[in-house]
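Student: First, the structure itself, so that you have it in front of you.
What follows is calculated from the coordinates using simple rules that are stated; it is not laboratory data. Since we're looking at a predicted model, the values are computed, not measured.
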Amino acid sequence: MKTPSADILHEDSQYELIARVHHDQIRDFVVDQVVEDKKLVPTYMVYQSLMVFSGLFFLTRAVILAWKGDAGALTVALLALLFSFTLLVVIHELLHGLALMLAGAPRIRYGGSLRKFIFYAEADRFVLGRPAFLFVAFTPLAVIQIVSVAGILLWFPTPFVYFFLMLQSAHALFCAGDLALATIFFKYPGRKVYTYDNRDERCSYYFVENEKARENLAKS
């Protein structure tokens with residue numbers, strides 16, 4: 001089935017609007033999804049907790065090594081954290097943008113709020129169904145995870161391994177919002193969910209296939 005356009009989503013009665021989220025309210029919307037979801041989010045929280053605790057463990061180990069006279073690991077770890085909360089944020093959003101391009105989006109725009117530490121990549125009025133949205137949402141997680149594991153294997157047991165250990169740990173914090181938004185696509189079993197961003201309104205729209213329309217399609 002062809003992905004409907006933004007206009008069709010609004011005009012065709014077989015689609016229902018389930019959410020209109022202004023970008024200034026995206027954090028509250030994400031928190032709502034985290035609270036409501038009982039499957040994907042708890043699973044990711046286990047992974048995220050493991051990454052954070054592993055990062056704290058290796059950072060503590062680096063501090064102990066520095067206290068003993070070997071500051072190499074601590075220096076690398078601190079540089080990795082600086083990189084993670086600056087350039088990695090940019091890389092994360094660029095990967096979202098690349099995924100949007102691969103999904104067919106003609107133009108990509110980036111934005112965010114430094115004060116709220118919220119950043120995003122968007123394709124104006126480009127509609128995403130579940131497969132495309134999941135691809136866009138999880139591309140940064142997959143790429144950074146692969147790079148981190150490769151770096152750990154390549155640089156072990158040198159101090160440079162701490163860069164990738166801290167990178168992997170810090171990046172786990174960045175992906176919770178992506179996962180929370182992905183949960184919307186699993187709330188309506190058997191029904192198609194679509195989303196798109198409206199640049200002029202600075203809003204994201206979410207639509208679900210009407211239950212009656214789905215039943216009629218199943219009978220045909």
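Student: Out of residues 5 or more away from Asn210 or on other chains, whose amide H comes under 5 Å of its own, with H placed 1.01 Å from N in the peptide plane?
Tutor: Tyr15, Glu16
Student: Let me ask something else. How long is the gain from Leu87 to Phe186 if the chain were fully straight, where each residue apart is worth 0.36 nm and the alpha carbon distance is subtracted?
Tutor: Extending this stretch completely gives an extra 32.4 nm.
Student: Another question, then. Along the principal axes of its C-alpha atoms, what lengths does the chain span, in descending order and rounded to whole Å?
Tutor: 72, 33, 30
Student: Using only Cα atoms, find the angle between the long axis of helix 87-102 and the longest principal axis of the chain, and express it within 0 to 90 degrees, rounded to the nearest 10.
Tutor: With rounding to tens, the tilt is 30 degrees.
Student: Which shape class, rounded, prolate or oblate, goes with region 117-220 when its Cα gyration tensor gives a ≥ b ≥ c as root eigenvalues, a/c under 1.5 marks rounded, and past that a/b bigger than b/c marks prolate?
Tutor: Here region 117-220 falls in the prolate category.
Student: Tabulate in residue order the Karplus-calculated ³J(HN,Hα) for region 64-81, using 6.51 cos²θ - 1.76 cosθ + 1.60 with θ = phi - 60°, rounded to whole Hz; enter x for Gly and Pro.
Tutor: Each residue's phi maps through the Karplus curve to give 5, 5, 5, 4, 8, x, 10, 8, x, 5, 5, 4, 5, 4, 5, 5, 5, 5 Hz.
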